[in-house]
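Structure first, then comments.
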Amino acid sequence: MTTVGIIGAGNIGQALARGFVDKGYDVVTANSRGPETLADLVGSLGDHARAATAHDAGEAGDIVVVTVPLKAYREVPVGPLRGKVVLDTNNYYWERDGHIADIDEKRTTTSQMLQQHLPESTVAKAFNHIVAADILTDGSPAGTPGRRALATSSDSAEAVALVTRIYDEFGYDTVSAGPLAESWRVERDQPAYVVRQNRDELEQNLARAER
């Protein structure tokens, strides 16, 4: 059985933990406050979920989700994520994260920053432009007219394929925004950000994005 390590237990992390368990995955989740603070969450998820440190969640995961505030990305453990696909849900909010000159001046993206921090992992953008409350409620079976689509972005075709499979399991079509350098197209203040859109509309919104 595939295990998903989830580093970060905010709204998105909790929704994904529940979703992965419901779809037959084992989940190991972590936050910055310690495993004991996640007892209620993992208790509600049942036998296929447990809490751990970030190091241990990363080590346990065949796939790892990083869903921490951007300002905390350097705290993500590097060694345990080596050789793994890492799903990055992050967006840049300068009000929360402080101003980051390289992003403000369009020299990098949040996902490129995480990839640089995790040089031996494969980062893919995922679940960053849907509100947490919609993740488990807005999906629909493949082929449903108007099925909602979500974007991903990675420098690895294999990682894009993995995200595509996971999105489909959660009930969403997939559109690739291209490499990590293009991942800004699905972040805050862009046309594709947190709006409900089907595949064609998402492709159009990605093309309309302006940096």
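Structure values in brief
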item	result
Selection status of VAL194, at pLDDT 95 or above, buried (at least 22 other Cβ atoms within 10 Å of the Cβ), β-branched (Val, Ile, Thr) and closer than 21 Å to VAL68 by Cβ	no
Scan of the range 116-135 for residues that are touching a Phe, Trp or Tyr at 6+ places or on another chain (Cβ under 7 Å) and in a helix (DSSP H, G or I), ordered by number	HIS117, ILE135
Answer from ASP56, ASP97, ASP102 - the residue that is over 23 Å from THR152 (Cβ atoms) and charged (D, E, K, R)	ASP56
Some residue of the range 102-109 being buried (at least 22 other Cβ atoms within 10 Å of the Cβ) and either at pLDDT 95 or above or under 21 Å from ILE6 (Cβ atoms) (or both)	yes
Test for ALA124: is it crowded, with 17+ Cβ neighbours inside 10 Å and touching a strand residue (DSSP E or B) at 6+ places or on another chain (Cβ under 9 Å)	yes
Residue that is surrounded by the most Cβ atoms within 10 Å (Cβ to Cβ) [pool: residues in the range 141-162 that are part of a loop (DSSP other than H, G, I, E, B) and not acidic (Asp, Glu)]	ARG147
Residue among ASP168, ASP138, ASP189 that alone is in a helix (DSSP H, G or I) and either of a type outside the set (Phe, Trp, Tyr) or in contact (Cβ under 8 Å) with a residue 60 or more places away in the chain (or both)	ASP168
Residue that is nearest to MET113 (Cα to Cα), among those in the range 34-58 that are touching a helix residue (DSSP H, G or I) at 6+ places or on another chain (Cβ under 7 Å), surrounded by fewer than 19 Cβ atoms within 10 Å (Cβ to Cβ) and not polar (S, T, N, Q)	HIS55
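The values are calculated or read from the model by the stated rules, or taken from the named source; none is laboratory data. Given the structure is predicted, the values throughout are model-derived calculations rather than measurements. Please note: Cβ atoms are built from the backbone with ideal geometry, for glycine as well, and neighbour counts cover all protein chains shown.
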